[in-house]
Amino acid sequence: MPELYDVAVIGGGPSGCLVASALASGGRRVVVLEHRRADAVEPCCTGIVGRPYLDCIQPCEDLVLTAARSAVLISPSGRRLHVASAVDQAFVLDRALLELQLRRRAAEAGAEMVEGALVTRARVSTDVCETKVSGPDGARTYASRVLVVASGVNPGLLRQAGLGQPAKYMVGAHAEVEMDGVDETEVYFLSDVAPGAFAWLVPMAPGRVRLGVLSASLAAQVAGMFLARPGVRDRVRRQPLHIAQRPVPVAVSRRMHGERVLAVGDAAGQVKPTTGGGLYLGAMAAAAAAAVLAEALARDDLSARALSRYEAQWRSAFGGELRRGALARAVYSRLSAGLVDGVIELAARTGVAETLLRSPSFSFDRHSGALLSGLLRCLPGALLHPAGRQSEAES
Ligand SMILES: Cc1cc2nc3c(=O)[nH]c(=O)nc-3n(C[C@H](O)[C@H](O)[C@H](O)COP(=O)(O)OP(=O)(O)OC[C@H]3O[C@@H](n4cnc5c(N)ncnc54)[C@H](O)[C@@H]3O)c2cc1C
């Protein structure tokens, strides 16, 4: 009979490590089963977060590379909307260091970190969870009272654990590019290339930029096309050797808990549908999951009903934000390139974006209401007067 852990966490990414740290520091016996070894961590992620994420993880020195308080939004035909805030809104992290720091903290808190361990099967029954691993020492089964699925996008594992799947996915692409002349974050709406697609360039250091793309499919290909665009290609000093891509859930899972099991982070679709950002939402889910699990373990009540408090808490905190974000994304993905031009032009001319940015309800992590409201305010004007003809029509 294998030894019994309180909690087995599948996935030592940012969300899994935060759940593991919190439970292990409360004295629980936790094992984290992570496929990638520490020396093979190569995150496909831009690593931009708002201040609440920093407050949550307490970054070590060197983790925050830069801060940003402004960005320029660029429409398919090149119309520009500059947005700025009085204070730093976003922070760019050394993303590989983030993973290593969170793994180290989980281990220091007392969690057993098993790296190079590929989970091949998860089984949750009424009295125990069994997780089969193909690892450095061959095949092994871990038995635990509870299973936390924090594996990122992994439909097979979620199915085996009896959990729901995120209802919708897009694809994200990532590369580091040697590039000049990117002094602030640039966001490009790429409705002319693929409906609903957008790209971002984030300066990290002089001459070094992180490129990201979110697209319904073929994100790496869209990134390649983006890098060949006039206005972009002339600033690229050296094309990236490799553009990584991976799926991004853009709709929250319909069921993220069951008897003895929870999903957190990307595995549960806890990602902003507007930008694909999931670090903050995953961290908030990790905190809620750890609090509910600590109590459930102490009472030895690991029923679906007891664990449903995790899902209820998370949905009550973020459900509205995610629904508005999904609506904003759905509207954007139906707009033609001409309409996006019109919306950006109107937003720049009327100052609507600046007004919304200044509203107390706006923040880096809670932006979907402002985005949706800006879209809906500018859309009628853009529909009536396609971009380029508005000034004429008004004079
Ligand atoms: C191009 C791109 C850019 C992004 N930029 C941002 C950004 O700027 N800001 C932001 O907040 N978010 C961003 N994101 C999203 C962010 O990266 C994710 O939301 C975040 O990494 C989710 O963390 P996680 O721990 O839930 O999952 P993951 O980071 O996916 O971690 C899951 C872990 O589980 C492990 N695993 C998977 N399957 C198994 C298995 N069978 N056995 C063992 N281990 C397994 C994996 O190796 C991995 O370490 C971006 C995503 C993409 C694609």
Mean accessible surface per residue for region 199-293, computed with a 1.4 Å probe while every protein chain stays in place, in Å²: 37
In square nanometres, what is one fourth of the surface area of the convex hull spanned by the alpha carbons of the chain? 19.5
If the label point sits 7 Å along Cα→Cβ of ALA38, residues of region 100-125 with amide N under 19 Å come out as 100-118
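I'd like to compare 16-22, 379-385: which one has the highest average count of other Cβ atoms within 10 Å, and what's the full order after that? Numbers along the way, then the final one.
Values: 16-22: 28.1, 379-385: 15.4.
Averaged packing, sorted descending, gives the order 16-22, 379-385.
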Alpha carbon centroid spacing (whole Å) that separates region 275-299 from region 303-362: 22
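Length gain on complete extension for the stretch GLU184 to ALA205, per 0.36 nm per residue less the alpha carbon to alpha carbon distance? Write out the running numbers ahead of the final one.
On the way: separation 21, 0.36 × 21 = 7.56 nm, distance 1.08 nm.
Net length gain for the segment: 6.5 nm.
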What whole number of Å gives the distance from the Cα centroid of region 247-274 to the Cα centroid of region 211-228? 24
Pairwise label distance in nanometres, ARG255 with ASP127, each label 7 Å out on the Cα-Cβ vector: 2.4
Can you compute the modelled spin-label distance between ALA228 and ALA312, with each label point 7 Å from Cα toward Cβ, in nm? 5.5
How compact and how long is region 327-394, expressed as Rg and Dmax of its alpha-carbon atoms in Å? 12.2, 38
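Suppose only helical runs count, i.e. DSSP H with n ≥ 4. What mean residue ellipticity at 222 nm does that imply for the chain under -39500 (n - 2.57) per run, divided by all residues and rounded to the nearest 500 deg cm²/dmol?
Details: 11 runs with 144 residues, N = 395.
About -11500 deg cm²/dmol.
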Take the Cα atoms of region 9-168, find their three principal axes, and give me the spread along each one in whole Å, biggest first. 57, 36, 28
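Quick one: divide the alpha-carbon radius of gyration of region 258-316 by 2.2 N^0.38 Å and tell me what you get. Before the final figure, lay out the partial values.
Numbers: Rg = 11.9 Å, N = 59, 2.2 N^0.38 = 10.4 Å.
Compared with the compact-globule rule of thumb, region 258-316 sits at 1.15.
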Run the simple label-point estimate for ARG80 and GLU295 please: 7 Å along Cα→C-beta, distance reported in nm. 5.2
Solvent-accessible area, 1.4 Å probe, carbon plus sulfur percent, for the chain: 54
Bins of 5 Å, starting at 0 and running to the largest distance - Cα pair percent for region 169-248: 3, 18, 30, 27, 15, 7, 1
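By average Cβ neighbour count within 10 Å, what is the ranking of 298-307, 125-134 from highest down?
On the way: 298-307: 13.4, 125-134: 16.5.
Output ranking for 298-307, 125-134: 125-134, 298-307.
What percentage of all Cα-Cα pairs in region 235-344 are separated by more than 19 Å? Don't jump to the answer; show the numbers that get you there.
Numbers: 3353 of 5995 pairs.
Distances greater than 19 Å cover 56 percent of the Cα pairs.
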Report, largest value first, the span of the C-alpha coordinates of region 85-218 along each principal axis, in whole Å. 57, 37, 32
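The values are calculated or read from the model by the stated rules, or taken from the named source; none is laboratory data. These numbers come from a predicted model, not from an experiment. All Cβ positions, even for glycine, are placed from backbone atoms using ideal geometry, and neighbour counts span all protein chains on display. The accessibility values were calculated without ligands, DNA or RNA, using every heavy atom of the protein model including side chains. Shrake-Rupley method; radii C 1.70, N 1.55, O 1.52, S 1.80 Å.
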